[in-house]
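Asks: I'd like to ask you about the structure that follows.
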Amino acid sequence: MKNILVHGLGQNSESWHEVSYNLGKNGFDTICPNLFEITVTLGNYETMYHAFSTFCNQQEGKLNLCGLSLGGILILDFVKEYPEKVNSIILIGTPYKIPKTLFKIQSFLFHIMPKRTFEKMGYSKKQLIALVHSMGKLDFSKDLDNIKCKSLIVCGAKDNVNMKSAKLLNKSIKNSKLKIIWNSSHEVNRDNPKELSNIIYEFWKDY
């Protein structure tokens, strides 16, 4: 069984460092791909999803997938297309539907951020803005009742933007569980990695 941690937009694989370390102490080796490295040519969301799905399908055996925000979105797409490949999913701060207003704000912030911020991820400001624009019409609320694998929905207690989405995902995905992490906002893997590690461990050890 492979355990894969998928970062969010504005993060990279290092964002999972402490969580991955804690899980390793409990016997769970993890893989933390950098989405901006495995996506050779970043054009839009579809190119990133294709790169992510290829990466996942190259792994032997079934997968335990855990993703934050953009990572959760990619996981939802993957488990719908390749249900036989997935053992379990954990969705953290993942939108039920793309919040168009919020994405417009994100795009605006990207426009005013310095180029060096994007260069750390290996892509240009223009490419990241194009990625955000391409996600504007995505809707993941469909076919959620077809997800059969073990599922856990996680949200930071201070993540007001995604709390409603977490509850809707929990309601729509059959037999899923919902966990709220205190002292945390959207980036749970950075805000409270210790509690998140414990929750992931308790979930994975049962499945």
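Asks: Which ranges mark the helices (runs of 4 or more DSSP H) fully within the range 106-207 that have 2 or more residues being touching a Cys at 6+ places or on another chain (Cβ under 6 Å) and at pLDDT 95 or above? So that I can check it myself, show each step before the final result.
Replies: Values: elements: 115-119, 125-134, 160-172, 188-191, 193-206.
Here the list reads 160-172.
Results for (1) under 22 Å from N170 (Cβ atoms); (2) of a type outside the set (K, R); (3) in contact with a His (Cβ under 8 Å, 6 or more places away or on another chain); (4) at pLDDT below 95, shown as yes or no for each residue.
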{"position": "K2", "(1), (2), (3), (4)": "no, no, no, no"}
{"position": "H7", "(1), (2), (3), (4)": "no, yes, no, no"}
{"position": "S13", "(1), (2), (3), (4)": "no, yes, yes, yes"}
{"position": "Y21", "(1), (2), (3), (4)": "no, yes, no, no"}
{"position": "G24", "(1), (2), (3), (4)": "no, yes, no, no"}
{"position": "L65", "(1), (2), (3), (4)": "yes, yes, no, no"}
{"position": "I75", "(1), (2), (3), (4)": "yes, yes, no, no"}
{"position": "N87", "(1), (2), (3), (4)": "yes, yes, no, no"}
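Asks: List pairs: first in the range 27-48 and among the β-branched types (V, I, T), second in a loop (DSSP other than H, G, I, E, B), Cβ under 8 Å, 6+ apart or cross-chain?
Replies: So the pair list comes out as I31/Q59; T47/T39; T47/T41.
Asks: Would you mind telling me which numbered condition in (1) modelled with pLDDT under 95; (2) surrounded by 14 or more Cβ atoms within 10 Å (Cβ to Cβ); (3) in contact with a strand residue (DSSP E or B) (Cβ under 9 Å, 6 or more places away or on another chain) G93 fails?
Replies: For G93, the exception is condition (1).
Asks: Regarding K25, is this residue under 25 Å from I147 (Cα atoms) and of a type in the set (D, E, K, R)?
Replies: No; evaluated as a whole, the condition is false for this residue.
Asks: Quick one: how many residues across the range 7-25 are touching a strand residue (DSSP E or B) at 6+ places or on another chain (Cβ under 7 Å), under 14 Å from S197 (Cα atoms) and either in contact (Cβ under 8 Å) with a residue 40 or more places away in the chain or of a type in the set (F, W, Y) (or both)?
Replies: Count: 2.
The values are calculated or read from the model by the stated rules, or taken from the named source; none is laboratory data. On a predicted model such as this, the values are computed, not experimentally measured, just so you know. Virtual Cβ from ideal backbone geometry, glycine too; neighbours counted across all protein chains shown.
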